[in-house]
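Notes follow the structure.
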Amino acid sequence: MGHIGLMPQRSSSIGGFIVQGRSGKSASVILDAALRLQDAGVFALLLEAVPGVVGRHIAENVRNVPIIGIGAGSAVGGQVLVVNDALGISPKTPKFVRRFAEFGESAQTAIESYVAAVKSRDFPSKEESYLMPRDQFQSLRSQAVPQPPAENPTELPESNTKASTTVEASTAKPAAGNLLAQAILGEDTIHEPPVHAS
Ligand SMILES: Nc1nc(=O)c2c([nH]1)NC[C@@H]1CN(c3ccc(C(=O)N[C@@H](CCC(=O)O)C(=O)O)cc3)CN21
Ligand SMILES: CC(C)C(=O)C(=O)O
């Protein structure tokens with residue numbers, strides 16, 4: 001697939017996201033590139049950010065490959081729109097974008113709710129977690145856990161010492177492990193796992 005008109009990867013050298021082909025001369029350079037890409041065998045062309053009349057002119061003169069436009073008017077063979085723009089999630093959108101919805105605010109609210117639920121450990125709930133038969137978990141906990149090589153705290157940076165202390169407090173110590181197991185397994189109800197149920 002060829003790409004003609006505005007090529008965003010060149011925005012630094014052309015001075016920004018600037019509409020292309022606004023003069024007859026520059027539009028004919030774009031048409032020339034389109035014809036050479038057609039001859040080179042592209043299966044389609046993406047034509048980006050040109051006046052609508054230039055999009056129509058190029059579509060009329062490039063007969064053997066479809067022209068997919070973005071900001072190139074309605075006379076081309078197809079359209080592309082960045083989905084975040086169409087859904088109204090992008091804060092700012094170019095002139096050629098139609099925002100078919102305004103999901104930005106509700107997306108932000110949803111993501112903030114997710115972050116709060118994770119931090120409070122409300123999410124994931126028991127219903128949103130996989131369960132294990134109590135006897136299987138007891139068998140797991142009764143097995144000796146291979147110990148990592150002894151660490152010399154004086155040789156560790158402060159941040160590493162803190163991180164390993166946090167992991168130990170939350171998962172490795174028996175008391176904390178019990179709390180975790182109760183949270184997952186519930187009171188007395190034993191739930192069978194979905195596969196290998198005995
Ligand atoms: N979210 C998103 N949607 C896009 O469509 C998009 C991107 N990002 N990033 C890469 C390029 C940038 N795009 C653009 C952005 C702005 C214009 C535009 O209207 N340019 C104005 C000048 C704007 C200015 O001066 O800052 C022009 O008249 O040339 C065109 C294409 C399209 N592409
Ligand atoms: C907007 C799309 C088509 C694009 O050119 C890009 O992001 O590179």
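The values are calculated or read from the model by the stated rules, or taken from the named source; none is laboratory data. A quick note: this is a predicted structure, and the numbers were derived from the prediction, not measured. Ideal geometry is used to build each Cβ from the backbone, glycine not excepted, and the neighbour counts take in all protein chains shown. Just so you know, the surface numbers come from the protein's heavy atoms only, side chains and all, with ligands and any DNA or RNA stripped out. Shrake-Rupley method; radii C 1.70, N 1.55, O 1.52, S 1.80 Å.
With a 1.4 Å probe and all protein chains left in place, how much of the accessible area of the stretch 82-123 comes from carbon and sulfur atoms, in whole percent? Spell out each step's value before the answer.
Numbers: 2110 of 3520 Å².
Looking at the stretch 82-123 in its full context, I get 60 percent from C and S.
In nm, give the distance between the simple-model label positions of VAL118 and MET1, each being 7 Å from the Cα along the Cα-to-Cβ direction.
For the pair VAL118/MET1, the computed spacing is 3.1 nm.
If I take every Cα pair under 8 Å that is 6 or more residues apart in the stretch 2-80, average their sequence separation and divide by the length, what percent do I get for the relative contact order? Before the final figure, lay out each step's value.
Working: 138 pairs, mean separation 22.8, N = 79.
Over the stretch 2-80, the number comes to 29 percent.
With every protein chain kept in place and ligands, DNA and RNA left out, what is the accessible area per residue of the stretch 2-80? Probe 1.4 Å, answer in Å².
55
Taking 7 Å along the Cα-to-C-beta vector as the label spot, tell me the PHE100-PHE43 distance in nanometres, rounded to one decimal.
Between PHE100 and PHE43, the label points sit 2.4 nm apart.
If you take the charge dipole of the stretch 30-143 about its Cα centre, with +1 on Lys and Arg Cβ and -1 on Asp and Glu Cβ, which of SER106, LEU81, ILE70 is farthest toward its positive end?
Value: SER106.
Might you tell me the accessible area per residue for the stretch 82-123, computed with a 1.4 Å probe and given in Å²? Show your work: numbers first, answer last.
On the way: 3520 Å² over 42 residues.
Heavy-atom accessible area per residue stands at 84 Å².
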